[in-house]
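Asker: Input: one structure, supplied below.
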Amino acid sequence: MTVPKDAPQRDGQEPTKAGFGTLAIVIPVWNLPQDLGALLDQVADLGVFEQVIVVDDASDPPCDPAALGYDAARLNADLVALRPGVRGGAGHARNLGLASVTADHVLFFDADDRLSADFTRIWRLHRDHPQGAPDFTIFRHHDTRVDGGGSFPTEEAIWTDALGCAPHAMLDRDAQLKLAMISAYPWNKIYRTDFLRRHDIACSESPVHNDIRLHWLGFAHARRVQAVRAAGATHVVGHRDHHLTTRNGEERLCLFPILSELLPALRAARAEPRLMQNFLRFADNICRWNLNLIEPSLIPRFRDLTKAIYLQFTPDEFALFAMDHPDQAEHMIRFLMQESV
């Protein structure tokens, strides 16, 4: 979905504490009224949001904030409630919400995830940066699948590599490219609204993997990225129908149109070779991850589509990747040479 060009924006201006300090939260929800209510209670308690946009993705029965007892007065924020006629998925819902944002900054957040007490401090670090708010601020999170808190060890290692021991920092480009390899979550970043609109950055409107486009185009176009080690959210993972880990059918094949669309988009953004190397590495990793989870009957088709994605990278892009990641490149070549079974 393309974000409307006439939506409120301040292209070419850097937000400052004095003039551009409002924050919106966009919440897609499907059949989770209790979770939505718990999150809206957090929103009201934190008191940092100027605008709350709830997009009910055709829930049955509806997840209407008003029916749950929430209005602008209770939330101390402008409340926008949207409900498309048919279910379009979380990406479609986020894009509808983004089109209605009038605040200067936006956070995308799932109804069944939770904000942390540290989020207020993260928001102030973003809003009040002495040089003006960055294009986006990325923050750590807790994952309920990890005992003792924090995220997975691989992601914690990326944070340490990019940020060192600093609690927060404006990142140089090398550190930005390292953090681009964090999983493509939609709810661990505060974006400047005008940054997203200027570069036509939004989610893919796909059944799953809809946040990959948002994540990678954000890193491709951003010039000023802040990272904050504090955990601003808890990602709650359970055995619900909408969670990615429970969806192993043909919907996973939507990964390939997303990757195919992103390749020319990244090149058009004049992404440097290092970013393209990282995207190739990401594409291989996520294809392998999906291949281990998809229904057995779909494996031959999935393997063929994976090979087609590999072949869309140019020889120069693959050669540069192979120089830094020879073992992974060798695996990809062997995979290409195998026949589907």
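The values are calculated or read from the model by the stated rules, or taken from the named source; none is laboratory data. Predicted model only: the values in this text are computed from it and were never measured. Here the Cβ positions follow ideal geometry from the backbone for every residue, glycine too, while neighbour counts run over all protein chains shown.
Asker: Any chance you could count how many residues in the stretch 198-214 are out of contact with any Cys (no Cβ under 8 Å at 6 or more places or on another chain), crowded, with 23+ Cβ neighbours inside 10 Å and in a helix (DSSP H, G or I)?
Answerer: Here the count works out to 1.
Asker: Let me ask something else. Looking only at residues that are aromatic (Phe, Trp, Tyr) and over 15 Å from the mean Cα position of the chain (by Cα) in the stretch 81-140, which one is nearest to Ala169 (Cα to Cα)? Explain how you work it out, then say what you get.
Answerer: Filtering the stretch 81-140 for residues aromatic (Phe, Trp, Tyr) gives 108-109, 119, 123, 136, 139.
Add one more test, that the residue is over 15 Å from the mean Cα position of the chain (by Cα), and what stays is 119, 123.
Values: Phe119: 16, Trp123: 14 Å.
Checking each candidate, the answer is Trp123.
Asker: Separate question: Looking at the stretch 135-166, which of its residues are free of Cβ contacts under 8 Å to residues at least 60 places away in the same chain and part of a helix (DSSP H, G or I)?
Answerer: Residues satisfying the conditions are Pro153, Thr154, Glu155, Glu156, Ala157, Ile158, Thr160, Asp161.
Asker: Also, quick follow-up: Just the residues that are buried (at least 24 other Cβ atoms within 10 Å of the Cβ) and either among the small types (Gly, Ala, Ser) or in a loop (DSSP other than H, G, I, E, B) (or both), please, taken from the stretch 78-96.
Answerer: Ala90, Gly91, Ala93, listed by residue number.
Asker: Still on this model: Quick one: would you say Arg87 is in contact (Cβ under 8 Å) with a residue 12 or more places away in the chain, in contact with a Ser or Thr (Cβ under 7 Å, 6 or more places away or on another chain), among the basic types (Lys, Arg) and over 25 Å from Phe195 (Cβ atoms)? So that I can check it myself, show each step before the final result.
Answerer: Values: in contact (Cβ under 8 Å) with a residue 12 or more places away in the chain: yes; in contact with a Ser or Thr (Cβ under 7 Å, 6 or more places away or on another chain): no; among the basic types (Lys, Arg): yes; over 25 Å from Phe195 (Cβ atoms): yes.
The answer is no for Arg87.
Asker: Can you name the residue in the stretch 167-191 that is of a type in the set (Gly, Ala, Ser) and assigned to a loop (DSSP other than H, G, I, E, B) and, of all such residues, is modelled with the highest pLDDT? Spell out the reasoning first.
Answerer: Let us first name the residues in the stretch 167-191 that are of a type in the set (Gly, Ala, Ser), namely 169, 175, 180, 183-184.
Next, only the ones that are assigned to a loop (DSSP other than H, G, I, E, B) stay: 180, 183-184.
Numbers: Ala180: 97, Ser183: 91, Ala184: 91.
Step by step, filter the stretch 167-191, then rank; the result is Ala180.
Asker: Inside the stretch 264-341, counting only helices (runs of 4 or more DSSP H) that do not spill past its ends, which hold 3 or more residues that are more than 20 Å from Asp211 (Cα to Cα)? So that I can check it myself, show each step before the final result.
Answerer: On the way: elements: 273-291, 299-310, 315-324, 326-337.
Fully inside the stretch 264-341 and qualifying: 299-310, 315-324, 326-337.
Asker: Hey, could you check the stretch 216-252 for residues that are at pLDDT 95 or above and part of a helix (DSSP H, G or I) and say which is nearest to Asp161 (Cα to Cα)?
Answerer: Phe219
Asker: Residues Thr154, Thr160, Thr144: which one is closer than 13 Å to Thr234 by Cα and either surrounded by fewer than 15 Cβ atoms within 10 Å (Cβ to Cβ) or more than 18 Å from the chain's Cα centre (by Cα) (or both)?
Answerer: Details: Thr154 fails: closer than 13 Å to Thr234 by Cα; Thr160 fails: closer than 13 Å to Thr234 by Cα.
Thr144 is the lone residue from the list that is closer than 13 Å to Thr234 by Cα and either surrounded by fewer than 15 Cβ atoms within 10 Å (Cβ to Cβ) or more than 18 Å from the chain's Cα centre (by Cα) (or both).
Asker: Something else about it: For the stretch 190-197, indicate whether the set of residues that are farther than 19 Å from Ala133 by Cα and either touching a Lys or Arg at 6+ places or on another chain (Cβ under 9 Å) or not assigned by TED's automatic domain parsing to the domain that holds Asp110 (or both) is non-empty.
Answerer: At the first step, the residues of the stretch 190-197 found to be farther than 19 Å from Ala133 by Cα are none.
No, that holds for no residue.
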